[in-house]
Amino acid sequence: MHELALTHEIVAIVCQAAGDRRVHRVTLEVGERSCATPESIAFCFDVIARGTCAEGARLDICRTDGDDLMVTTMEIEEAA
Amino acid sequence: MMCGHCGCGGPDHEHEHEDGTRHSHSHSHAHGHTHTPTTLVELQTRVLAKNDAIAARNRAWFAGREMLAINLVSSPGAGKTTLLERTIRDLHGQYDIGVLEGDQATSLDRDRVAATGAPVIQVNTGTGCHLEADQVARGLNELRPAPRSILLIENVGNLVCPAMFDLGERAKVVILSVTEGDDKPLKYPHMFRAAPLMLINKIDLLPHVDFDVARVTASARDVNPAIAAIGLSARTGEGMQQWYDWLRREWTVATEAAFA
Ligand SMILES: Nc1nc2c(ncn2[C@@H]2O[C@H](COP(=O)(O)OP(=O)(O)OP(=O)(O)O)[C@@H](O)[C@H]2O)c(=O)[nH]1
Ligand SMILES: [Mg+2]
(Lines give C-alpha, C1' and ligand atoms only; values in the text may rest on other atoms or scores of the structure.)
(Ligands and ions follow the chains in the order given, each with its own letter.)
Protein backbone atom coordinates (compact mmCIF):
# COMPACT_ATOMS: atom_id res chain seq x y z
CA MET A 1 0.00 0.00 0.00
CA HIS A 2 2.51 2.62 -1.05
CA GLU A 3 -0.49 4.57 -2.36
CA LEU A 4 -1.06 5.72 1.20
CA ALA A 5 2.37 7.36 1.26
CA LEU A 6 1.86 8.72 -2.23
CA THR A 7 -1.50 10.24 -1.34
CA HIS A 8 -0.01 11.92 1.73
CA GLU A 9 2.56 13.45 -0.59
CA ILE A 10 -0.13 14.55 -3.07
CA VAL A 11 -2.09 16.31 -0.34
CA ALA A 12 1.12 17.91 0.98
CA ILE A 13 2.05 19.24 -2.48
CA VAL A 14 -1.42 20.66 -3.03
CA CYS A 15 -1.78 22.25 0.40
CA GLN A 16 1.65 23.80 0.28
CA ALA A 17 0.85 25.45 -3.04
CA ALA A 18 -2.64 26.49 -1.94
CA GLY A 19 -1.53 28.30 1.19
CA ASP A 20 -4.67 28.72 3.23
CA ARG A 21 -7.05 28.80 0.25
CA ARG A 22 -9.51 25.98 -0.19
CA VAL A 23 -8.80 23.43 -2.89
CA HIS A 24 -11.82 22.39 -4.93
CA ARG A 25 -10.24 20.08 -7.41
CA VAL A 26 -6.98 18.28 -8.06
CA THR A 27 -5.82 16.71 -11.29
CA LEU A 28 -3.40 13.85 -11.17
CA GLU A 29 -1.57 12.04 -13.93
CA VAL A 30 -0.84 8.36 -13.27
CA GLY A 31 1.47 6.63 -15.71
CA GLU A 32 0.90 3.04 -16.70
CA ARG A 33 4.41 2.17 -15.50
CA SER A 34 4.35 4.40 -12.41
CA CYS A 35 3.58 1.41 -10.19
CA ALA A 36 0.69 3.30 -8.57
CA THR A 37 -2.92 2.16 -8.65
CA PRO A 38 -5.34 5.01 -9.40
CA GLU A 39 -8.19 3.32 -7.53
CA SER A 40 -6.10 3.07 -4.36
CA ILE A 41 -5.06 6.71 -4.54
CA ALA A 42 -8.67 7.76 -5.07
CA PHE A 43 -9.65 5.59 -2.13
CA CYS A 44 -7.03 7.15 0.17
CA PHE A 45 -7.51 10.73 -0.99
CA ASP A 46 -10.78 11.58 0.76
CA VAL A 47 -9.57 10.24 4.05
CA ILE A 48 -6.15 11.86 3.95
CA ALA A 49 -7.50 15.20 2.72
CA ARG A 50 -9.86 15.40 5.68
CA GLY A 51 -8.94 18.29 7.95
CA THR A 52 -6.65 19.83 5.31
CA CYS A 53 -7.21 22.58 2.75
CA ALA A 54 -8.12 19.84 0.28
CA GLU A 55 -10.95 18.38 2.31
CA GLY A 56 -13.85 17.53 0.03
CA ALA A 57 -11.87 18.36 -3.11
CA ARG A 58 -12.61 16.40 -6.22
CA LEU A 59 -9.78 14.27 -7.56
CA ASP A 60 -9.58 13.71 -11.30
CA ILE A 61 -7.17 11.03 -12.34
CA CYS A 62 -5.82 10.82 -15.82
CA ARG A 63 -4.03 7.67 -16.89
CA THR A 64 -1.09 8.00 -19.23
CA ASP A 65 1.19 5.42 -20.79
CA GLY A 66 4.31 6.94 -19.22
CA ASP A 67 6.03 6.18 -15.94
CA ASP A 68 5.44 9.42 -14.10
CA LEU A 69 3.10 10.23 -11.27
CA MET A 70 2.33 13.95 -11.25
CA VAL A 71 0.03 16.47 -9.70
CA THR A 72 -0.73 18.50 -12.80
CA THR A 73 -3.24 21.19 -11.74
CA MET A 74 -5.58 22.26 -9.00
CA GLU A 75 -8.51 24.60 -8.70
CA ILE A 76 -8.52 26.79 -5.62
CA GLU A 77 -10.88 29.43 -4.39
CA GLU A 78 -10.08 32.89 -5.65
CA ALA A 79 -8.20 35.14 -3.30
CA ALA A 80 -10.61 37.24 -1.28
CA MET B 1 -11.45 21.83 -17.52
CA MET B 2 -10.24 18.62 -19.09
CA CYS B 3 -7.00 16.92 -18.39
CA GLY B 4 -5.33 18.22 -21.47
CA HIS B 5 -1.82 17.56 -20.19
CA CYS B 6 -1.92 13.87 -20.73
CA GLY B 7 -3.15 13.76 -24.27
CA CYS B 8 -6.43 12.18 -23.30
CA GLY B 9 -8.06 15.60 -23.50
CA GLY B 10 -10.96 16.92 -25.44
CA PRO B 11 -13.99 18.22 -23.66
CA ASP B 12 -15.90 14.95 -23.84
CA HIS B 13 -13.75 12.25 -22.43
CA GLU B 14 -13.56 9.73 -19.71
CA HIS B 15 -12.55 10.65 -16.21
CA GLU B 16 -11.71 8.45 -13.33
CA HIS B 17 -13.52 9.52 -10.19
CA GLU B 18 -12.99 9.19 -6.50
CA ASP B 19 -15.38 6.31 -6.33
CA GLY B 20 -13.39 4.48 -9.00
CA THR B 21 -16.10 4.79 -11.63
CA ARG B 22 -15.41 6.09 -15.07
CA HIS B 23 -17.77 8.32 -16.92
CA SER B 24 -17.67 11.05 -19.45
CA HIS B 25 -18.60 14.62 -18.82
CA SER B 26 -18.34 17.66 -20.96
CA HIS B 27 -18.29 20.55 -18.59
CA SER B 28 -16.63 21.35 -15.36
CA HIS B 29 -18.06 21.90 -11.96
CA ALA B 30 -16.94 20.65 -8.62
CA HIS B 31 -18.97 17.71 -7.46
CA GLY B 32 -19.79 19.44 -4.23
CA HIS B 33 -21.32 22.04 -6.52
CA THR B 34 -19.95 25.02 -4.75
CA HIS B 35 -20.42 28.38 -6.37
CA THR B 36 -17.20 29.90 -5.09
CA PRO B 37 -15.22 31.28 -8.01
CA THR B 38 -12.06 29.24 -8.47
CA THR B 39 -8.66 29.76 -10.05
CA LEU B 40 -6.79 27.08 -11.93
CA VAL B 41 -3.23 26.59 -10.73
CA GLU B 42 -0.63 24.70 -12.75
CA LEU B 43 1.44 22.45 -10.51
CA GLN B 44 3.15 19.87 -12.75
CA THR B 45 4.86 18.44 -9.69
CA ARG B 46 6.07 14.85 -9.54
CA VAL B 47 4.61 13.16 -6.49
CA LEU B 48 7.94 11.56 -5.65
CA ALA B 49 9.92 14.77 -6.16
CA LYS B 50 10.71 15.15 -2.47
CA ASN B 51 11.80 11.54 -2.01
CA ASP B 52 13.91 11.73 -5.16
CA ALA B 53 15.61 14.94 -4.01
CA ILE B 54 16.57 13.32 -0.71
CA ALA B 55 17.70 10.20 -2.57
CA ALA B 56 19.93 12.37 -4.75
CA ARG B 57 21.43 13.88 -1.61
CA ASN B 58 22.05 10.40 -0.18
CA ARG B 59 23.67 9.38 -3.47
CA ALA B 60 26.00 12.39 -3.33
CA TRP B 61 26.77 11.57 0.30
CA PHE B 62 27.78 8.02 -0.71
CA ALA B 63 29.83 9.29 -3.63
CA GLY B 64 31.64 11.77 -1.40
CA ARG B 65 32.64 8.89 0.87
CA GLU B 66 33.42 6.57 -2.06
CA MET B 67 30.89 4.14 -0.69
CA LEU B 68 28.86 1.43 -2.35
CA ALA B 69 25.18 1.32 -1.31
CA ILE B 70 22.97 -1.59 -2.34
CA ASN B 71 19.20 -1.83 -1.78
CA LEU B 72 18.14 -5.47 -1.23
CA VAL B 73 14.51 -6.15 -2.07
CA SER B 74 12.41 -9.31 -2.03
CA SER B 75 9.15 -10.70 -0.78
CA PRO B 76 9.08 -11.65 2.93
CA GLY B 77 11.28 -14.61 3.73
CA ALA B 78 13.22 -14.86 0.46
CA GLY B 79 16.43 -14.83 2.48
CA LYS B 80 17.68 -11.23 2.62
CA THR B 81 18.90 -11.42 6.20
CA THR B 82 20.43 -14.87 5.74
CA LEU B 83 22.27 -13.56 2.68
CA LEU B 84 23.50 -10.56 4.67
CA GLU B 85 24.74 -12.72 7.54
CA ARG B 86 26.69 -15.00 5.24
CA THR B 87 28.04 -12.17 3.09
CA ILE B 88 29.33 -10.27 6.12
CA ARG B 89 31.01 -13.37 7.57
CA ASP B 90 32.53 -14.47 4.25
CA LEU B 91 33.85 -11.01 3.34
CA HIS B 92 35.12 -10.23 6.82
CA GLY B 93 38.49 -8.50 6.55
CA GLN B 94 37.99 -7.64 2.87
CA TYR B 95 35.43 -4.83 3.19
CA ASP B 96 33.82 -2.76 5.89
CA ILE B 97 30.14 -3.64 5.64
CA GLY B 98 27.39 -1.70 7.39
CA VAL B 99 23.73 -2.62 7.36
CA LEU B 100 20.52 -0.65 7.48
CA GLU B 101 17.58 -2.91 8.33
CA GLY B 102 14.07 -1.91 7.30
CA ASP B 103 11.09 -3.73 8.78
CA GLN B 104 7.59 -2.67 9.72
CA ALA B 105 8.19 -3.84 13.28
CA THR B 106 10.75 -5.56 15.56
CA SER B 107 14.54 -5.51 15.71
CA LEU B 108 14.89 -9.22 15.04
CA ASP B 109 16.87 -8.75 11.84
CA ARG B 110 19.10 -6.14 13.43
CA ASP B 111 19.95 -8.59 16.20
CA ARG B 112 20.79 -11.30 13.67
CA VAL B 113 23.08 -8.97 11.75
CA ALA B 114 24.60 -7.53 14.94
CA ALA B 115 25.66 -11.06 15.89
CA THR B 116 28.02 -11.03 12.88
CA GLY B 117 29.80 -8.03 14.37
CA ALA B 118 28.84 -5.61 11.58
CA PRO B 119 27.51 -2.15 12.46
CA VAL B 120 23.77 -2.16 11.93
CA ILE B 121 20.76 0.00 12.63
CA GLN B 122 17.10 -0.84 12.43
CA VAL B 123 14.51 1.44 10.86
CA ASN B 124 10.92 0.52 11.69
CA THR B 125 8.52 1.76 9.06
CA GLY B 126 5.34 1.16 11.10
CA THR B 127 2.54 0.96 8.58
CA GLY B 128 4.96 1.82 5.76
CA CYS B 129 5.52 -1.06 3.35
CA HIS B 130 8.85 0.23 2.04
CA LEU B 131 11.82 2.37 3.05
CA GLU B 132 11.92 5.99 1.94
CA ALA B 133 14.95 8.14 1.25
CA ASP B 134 14.60 10.32 4.35
CA GLN B 135 14.53 7.25 6.60
CA VAL B 136 17.82 6.19 5.05
CA ALA B 137 19.22 9.70 5.48
CA ARG B 138 18.33 9.63 9.18
CA GLY B 139 19.72 6.10 9.47
CA LEU B 140 23.02 7.22 7.94
CA ASN B 141 23.28 9.96 10.52
CA GLU B 142 23.12 7.36 13.22
CA LEU B 143 25.15 4.63 11.55
CA ARG B 144 27.94 6.93 10.30
CA PRO B 145 29.38 4.36 7.88
CA ALA B 146 33.11 4.51 7.13
CA PRO B 147 34.47 5.88 3.85
CA ARG B 148 34.96 3.20 1.17
CA SER B 149 32.64 0.86 3.05
CA ILE B 150 29.69 -1.05 1.67
CA LEU B 151 26.19 -0.22 2.93
CA LEU B 152 23.71 -3.04 2.48
CA ILE B 153 20.13 -1.87 2.93
CA GLU B 154 17.57 -4.57 3.66
CA ASN B 155 14.27 -3.16 2.49
CA VAL B 156 10.89 -4.20 3.88
CA GLY B 157 9.87 -7.61 2.53
CA ASN B 158 7.59 -6.62 -0.34
CA LEU B 159 7.93 -7.07 -4.10
CA VAL B 160 5.75 -4.08 -4.95
CA CYS B 161 6.24 -0.80 -3.11
CA PRO B 162 10.04 -0.61 -2.68
CA ALA B 163 10.37 -0.52 -6.48
CA MET B 164 9.04 3.05 -6.55
CA PHE B 165 11.24 4.60 -3.90
CA ASP B 166 14.78 5.56 -4.77
CA LEU B 167 16.93 5.55 -1.63
CA GLY B 168 20.10 6.84 -3.27
CA GLU B 169 21.53 3.35 -3.73
CA ARG B 170 23.84 2.43 -6.57
CA ALA B 171 21.64 -0.57 -7.41
CA LYS B 172 18.62 -2.51 -6.27
CA VAL B 173 19.22 -6.23 -6.04
CA VAL B 174 16.09 -8.37 -6.15
CA ILE B 175 16.14 -11.72 -4.37
CA LEU B 176 13.73 -14.42 -5.43
CA SER B 177 13.73 -17.77 -3.66
CA VAL B 178 12.88 -20.98 -5.44
CA THR B 179 9.95 -21.69 -3.12
CA GLU B 180 8.09 -18.61 -4.38
CA GLY B 181 7.36 -19.91 -7.87
CA ASP B 182 8.94 -18.98 -11.17
CA ASP B 183 6.18 -16.65 -12.34
CA LYS B 184 7.18 -13.72 -10.12
CA PRO B 185 9.03 -11.53 -12.64
CA LEU B 186 5.92 -11.40 -14.80
CA LYS B 187 3.63 -10.75 -11.85
CA TYR B 188 5.81 -8.05 -10.28
CA PRO B 189 7.48 -6.48 -13.33
CA HIS B 190 8.25 -3.13 -11.68
CA MET B 191 10.68 -4.65 -9.23
CA PHE B 192 12.49 -6.73 -11.82
CA ARG B 193 12.65 -3.71 -14.12
CA ALA B 194 14.21 -1.63 -11.34
CA ALA B 195 17.03 -4.09 -10.52
CA PRO B 196 20.17 -4.81 -12.56
CA LEU B 197 20.70 -8.07 -10.64
CA MET B 198 18.40 -10.91 -9.57
CA LEU B 199 19.63 -13.41 -7.00
CA ILE B 200 17.81 -16.74 -7.14
CA ASN B 201 18.15 -17.98 -3.56
CA LYS B 202 17.60 -21.34 -1.86
CA ILE B 203 18.83 -23.37 -4.82
CA ASP B 204 19.60 -26.13 -2.29
CA LEU B 205 15.82 -26.70 -2.33
CA LEU B 206 15.54 -27.07 -6.12
CA PRO B 207 15.14 -30.87 -6.00
CA HIS B 208 12.00 -30.43 -3.89
CA VAL B 209 10.15 -27.71 -5.80
CA ASP B 210 8.76 -26.99 -9.22
CA PHE B 211 10.95 -24.09 -10.16
CA ASP B 212 12.52 -23.63 -13.56
CA VAL B 213 15.63 -21.44 -13.28
CA ALA B 214 15.88 -21.03 -17.06
CA ARG B 215 12.27 -19.96 -17.31
CA VAL B 216 12.49 -17.44 -14.46
CA THR B 217 15.62 -15.94 -15.99
CA ALA B 218 13.92 -15.67 -19.37
CA SER B 219 10.82 -14.01 -17.92
CA ALA B 220 12.93 -11.59 -15.87
CA ARG B 221 14.67 -10.65 -19.14
CA ASP B 222 11.31 -10.15 -20.80
CA VAL B 223 10.66 -7.27 -18.41
CA ASN B 224 14.31 -6.19 -18.11
CA PRO B 225 16.62 -7.41 -20.89
CA ALA B 226 19.71 -6.15 -19.00
CA ILE B 227 19.10 -8.01 -15.73
CA ALA B 228 21.87 -10.35 -14.57
CA ALA B 229 20.95 -13.53 -12.68
CA ILE B 230 22.88 -15.55 -10.12
CA GLY B 231 21.61 -18.74 -8.53
CA LEU B 232 22.83 -19.30 -4.99
CA SER B 233 22.10 -20.72 -1.58
CA ALA B 234 22.66 -18.45 1.38
CA ARG B 235 22.41 -21.59 3.49
CA THR B 236 24.99 -23.88 1.83
CA GLY B 237 27.10 -21.13 0.25
CA GLU B 238 26.78 -22.53 -3.26
CA GLY B 239 26.95 -19.75 -5.86
CA MET B 240 27.82 -17.06 -3.31
CA GLN B 241 31.19 -16.41 -4.97
CA GLN B 242 29.45 -15.02 -8.05
CA TRP B 243 27.54 -12.57 -5.85
CA TYR B 244 30.80 -11.51 -4.20
CA ASP B 245 32.37 -11.03 -7.64
CA TRP B 246 29.44 -8.80 -8.63
CA LEU B 247 29.76 -6.83 -5.37
CA ARG B 248 33.49 -6.40 -5.93
CA ARG B 249 32.92 -5.00 -9.44
CA GLU B 250 30.30 -2.56 -8.17
CA TRP B 251 32.49 -1.54 -5.25
CA THR B 252 35.42 -0.94 -7.59
CA VAL B 253 33.32 1.28 -9.82
CA ALA B 254 31.78 3.12 -6.85
CA THR B 255 35.12 3.80 -5.21
CA GLU B 256 36.81 4.84 -8.47
CA ALA B 257 33.89 6.88 -9.76
CA ALA B 258 34.68 9.56 -7.22
CA PHE B 259 37.77 10.45 -9.25
CA ALA B 260 36.18 10.06 -12.67
N1 LIG C 1 16.94 -23.92 2.46
C2 LIG C 1 17.27 -22.64 2.50
N3 LIG C 1 16.68 -21.81 3.39
C4 LIG C 1 17.03 -20.52 3.39
C5 LIG C 1 18.02 -20.00 2.53
N6 LIG C 1 18.13 -18.67 2.76
C7 LIG C 1 17.26 -18.38 3.75
N8 LIG C 1 16.61 -19.49 4.15
C9 LIG C 1 15.58 -19.60 5.19
O10 LIG C 1 14.45 -18.84 4.80
C11 LIG C 1 13.84 -18.26 5.96
C12 LIG C 1 13.70 -16.75 5.77
O13 LIG C 1 15.00 -16.20 5.68
P14 LIG C 1 15.33 -14.68 6.07
O15 LIG C 1 16.77 -14.49 5.79
O16 LIG C 1 14.82 -14.37 7.41
O17 LIG C 1 14.44 -13.94 4.98
P18 LIG C 1 14.19 -12.36 4.81
O19 LIG C 1 14.07 -12.11 3.35
O20 LIG C 1 15.22 -11.61 5.54
O21 LIG C 1 12.77 -12.19 5.51
P22 LIG C 1 12.04 -10.81 5.95
O23 LIG C 1 13.07 -9.89 6.51
O24 LIG C 1 11.04 -11.24 6.95
O25 LIG C 1 11.42 -10.28 4.68
C26 LIG C 1 14.70 -18.64 7.15
O27 LIG C 1 14.13 -19.75 7.77
C28 LIG C 1 16.03 -18.98 6.50
O29 LIG C 1 16.76 -19.91 7.25
C30 LIG C 1 18.63 -20.91 1.60
O31 LIG C 1 19.48 -20.54 0.78
N32 LIG C 1 18.22 -22.19 1.64
MG1 LIG D 1 14.99 -10.09 6.95
Cβ-placed point charges (K, R +1; D, E -1), dipole of chain B about Cα centre in debye, nearest 20: 680 debye
Measure off, as a whole percent, the carbon and sulfur share of the 1.4 Å-probe accessible area of chain A, all protein chains present. 48 percent
Can you give the direction-averaged projected area of the convex hull of the alpha-carbon atoms in the protein assembly as shown, in nm²? 19.4 nm²
Mind checking which aspartates and glutamates have their C-alpha under 16 Å from B:LYS184, skipping anything on the same chain fewer than 8 residues away? B:ASP210, B:ASP212, B:ASP222
Of every hundred units of 1.4 Å-probe accessible area on region B:35-257, the number belonging to carbon and sulfur atoms, as a percent, is 51 percent
Residues of type lysines that B:LYS50 reaches as a straight line, Cα spacing below 24 Å, ignoring anything fewer than 8 places off in the same chain: B:LYS172
Average Cα contact separation per residue, chain B, under 8 Å, 6 or more apart, as relative contact order %: 21 percent
So for the protein assembly as shown, taking the charge dipole from beta-carbon charges (+1 Lys/Arg, -1 Asp/Glu), which of B:VAL160, A:ALA49, A:THR37 sits furthest toward the positive end? B:VAL160
Once the dipole of the protein assembly as shown is set up from charges on Cβ (+1 Lys and Arg, -1 Asp and Glu), the residue from the list B:TRP251, B:ALA53, B:ALA194 lying farthest towards its positive end is B:TRP251
Nearest-20 debye value, the protein assembly as shown charge dipole, Cβ charges on Lys, Arg, Asp, Glu: 1020 debye
For A:CYS53, enumerate residues with amide H under 5 Å from its amide H, sequence gap 5+ or separate chain, H modeled in the peptide plane. none
Amide H of B:ILE97: which non-local residues (sequence gap of 5 or more, or other chain) have their own amide H closer than 5 Å, using H built in the peptide plane? B:ILE150
Angle between the Cα long axis of helix B:213-223 and the longest principal axis of chain B, 0 to 90 degrees, nearest 10? 40 degrees
Return the Rg/Rh value of region B:141-204, two decimal places, where both radii are evaluated on C-alpha atoms and Rh is the Kirkwood radius. 1.02
Rounded to 10°, Cα long-axis angle of helix B:49-64 versus longest principal axis of chain B: 30 degrees
Would you check the accessible area of B:HIS190, probe 1.4 Å, heavy atoms only, in square angstrom rounded to 10? 50 Å²
Helix A:38-49 sits at what angle to the longest principal axis of chain A, using alpha carbons and giving 0 to 90 degrees rounded to 10? 30 degrees
Determine the total buried accessible area between chain B and chain A, counting protein heavy atoms only with a 1.4 Å probe; round to the nearest 100 Å². 3600 Å²
Any residue on another chain or 5+ positions along whose placed amide H is under 5 Å from the amide H of B:SER74 is listed here as B:ASN158, B:ILE175
For region A:1-31, which residues drop by 50 square angstrom or more in accessible area between the chain on its own and all protein chains together (1.4 Å probe)? A:HIS2, A:GLU9, A:ILE13, A:HIS24, A:ARG25
How much accessible area per residue does the protein assembly as shown have, in Å², with a 1.4 Å probe? 45 Å²
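The values are calculated or read from the model by the stated rules, or taken from the named source; none is laboratory data. Model, not experiment: these values are computed from the prediction. Every residue, glycine as well, gets a Cβ built from its backbone with ideal geometry; the counts of neighbours run over all protein chains shown. Remember, those area values only see protein heavy atoms, side chains included, never the ligands or the DNA or RNA. Shrake-Rupley method; radii C 1.70, N 1.55, O 1.52, S 1.80 Å.
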